[in-house]
Amino acid sequence: MVGLLRAAILALMVASGISAARAEDYPARTVTIIVPFAAGGPADITGRIVADIFSRHLGQKFLVENVVGAGGTTGALRAAKANADGYTLLSGHLGTNALAPAFYPNLGYDPQKDFAPVGLSAEYPEVLVARKDFPANNFKEFVAYAKANPEKLNVGHAGLGSVSYIGCLLLHSAMGIKPTLVPFTGTGPVLNAMLAGQVDYECDPVLGTLGQVQAGNVKALVVAARKRSPLLPDVPTSYEQGLPEFDCAPFYGVFAPAGTPQAIVDKLAEALTKGLNEEAVLKRLAELGAEPIEPSRRGPKALGELVKNEAARLLPILKAASEK
Ligand code: MLT
């Protein structure tokens, strides 16, 4: 018995010694950041900003891998099940890391138990964007047309439970319509389909369509937030337009699999915070329409609380919207 106990204590000491040593050397090789949506969309753009920050601050390559499917939950599941050694991370968001259980009864991971939060990367308000020749030129016209012709509408989104799906779910339930929903692997491909006239509109974080809105190739009709985006000063908000239920500004953040040594999570969190405070990064995020994030909202603890609070706040709203 005493022998067994001694062996167990020895094994524990060796294991903790190894993980302390690993944390000290970390990262000793390339790290993969899973982005659970297609290239070119908000998740991918944000994931690549974060990968660049880590690469520069931690002196190793951090490479983005796009693992798409099932509204981002395929990639999130892969990250949740990866070795908890800091070499596989997830750049997830409000959908994959807080609200997915509302849409997938057999999700395969628990967003609040199976991840160690590292830190919030960015938050962006969503915008309702329609194809250039859509027969409505402002939000009032959109509501009138959509209510009169719901069966004609094709709405692009990045999969069940993605934030583009969630945003338009809130919009549609407030308007009392059920258009045809067309799933893609990300809103990068949705935008291409909209430019080709294959879908009518989408609800996407502002950075996703900004360039094409500014070039006049698609039309931004309303911002799903209380305040206007400084990048789209002429586009009214859903509050101004009398539809405050269409309120969606998803967070994007970095997560490690649960069980990742705390020293590694802390090292990542410190690098992320440093990078996000750099002038050039702040400028880039502002150009993409990100909301400024106060210092107290940075880091693992704040992201863990945000996940919990957003799930508690939005799950009942989504449930009610889905049942309408
Ligand atoms: C994307 O990057 O494709 C979108 O942010 C995904 C989503 O709508 O959740």
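The values are calculated or read from the model by the stated rules, or taken from the named source; none is laboratory data. Quick caveat: nothing in here was measured; it's all calculated off a predicted structure. A quick note on method: Cβ atoms are made from the backbone with ideal geometry, for glycine too, and the neighbour counts reach across all protein chains shown. Protein only, heavy atoms only, side chains kept; ligands, DNA and RNA dropped before computing areas. Shrake-Rupley method; radii C 1.70, N 1.55, O 1.52, S 1.80 Å.
Listed values, structure above:
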read-out: Overall dimensions of segment 73-195 as given by Cα atoms, namely Rg and Dmax in Å; value: 17.0, 54
read-out: Between helix 163-175 and the chain: long-axis angle, C-alpha atoms, 0 to 90°, nearest 10; value: 40
read-out: Average Cα contact separation per residue, the chain, under 8 Å, 6 or more apart, as relative contact order %; value: 26
read-out: Sulfur and carbon atoms: percent of accessible area, segment 150-202 [1.4 Å]; value: 55
read-out: Amide H within-cut-off set for Ile33, under 5 Å, with H built and near neighbours excluded; value: Leu63, Val64, Glu65, Leu89
read-out: Three principal axis lengths of segment 172-222 [C-alpha, angstrom, descending]; value: 32, 23, 18
read-out: Nearest-ten-degree value, helix 139-148 long axis tilted from longest Cα axis of the chain; value: 80
read-out: Local electrostatic count at Lys132 - Lys and Arg +1, Asp and Glu -1, tallied over other residues with Cβ under 12 Å; value: 0
read-out: Potential lengthening between Arg297 and Thr180 on full extension [0.36 nm per residue; Cα-Cα distance subtracted]; value: 38.4 nm
read-out: Computed over segment 95-151, the ratio Rg/Rh where both radii use C-alpha atoms and Rh is Kirkwood; value: 1.20
read-out: Charge tally in the Cβ shell below 15 Å around Val50, where Lys, Arg are +1 and Asp, Glu are -1, Val50 excluded; value: +1
read-out: Probe 1.4 Å, accessible area per residue of the chain, Å²; value: 44
read-out: Local electrostatic count at Ser238 - Lys and Arg +1, Asp and Glu -1, tallied over other residues with Cβ under 13 Å; value: 0
read-out: Kirkwood Rh in Å, taken over segment 38-135 so that all alpha-carbon pairs contribute; value: 15.0
read-out: Part-to-part distance (alpha-carbon centres) for segment 49-119 and segment 224-283, which is given in Å; value: 16
read-out: Radius of gyration and Dmax over the Cα atoms of segment 206-324, both given in Å; value: 17.3, 48
read-out: Residue-level accessible surface for His157, protein heavy atoms, 1.4 Å, Å²; value: 10
read-out: Trypsin sites (Lys or Arg not before Pro) within segment 44-104, DSSP loop, no more than 14 other Cβ atoms inside 10 Å; value: Lys61
read-out: Inter-label distance, nm, simple model (7 Å from Cα along the C-beta direction), Ala28/Arg284; value: 2.9
read-out: Share antiparallel - DSSP beta bridges, the chain, percent rounded to 5; value: 60
read-out: Reciprocal mean inverse distance between Cα atoms of the chain - Kirkwood radius, Å; value: 20.4
read-out: Over 19 Å (Cα to Cα) - which of Lys113/Lys274; Lys219/Lys283; Lys113/Lys319; Lys61/Lys81; Lys178/Lys219; Lys147/Lys324 fall in this group; value: Lys113/Lys274; Lys219/Lys283; Lys113/Lys319; Lys61/Lys81; Lys178/Lys219
read-out: Evaluated at q = 0.09, 0.15, 0.18, 0.19 Å⁻¹: base-10 log I(q)/I(0), Debye formula over Cα of segment 144-263; value: -0.27, -0.70, -0.97, -1.08
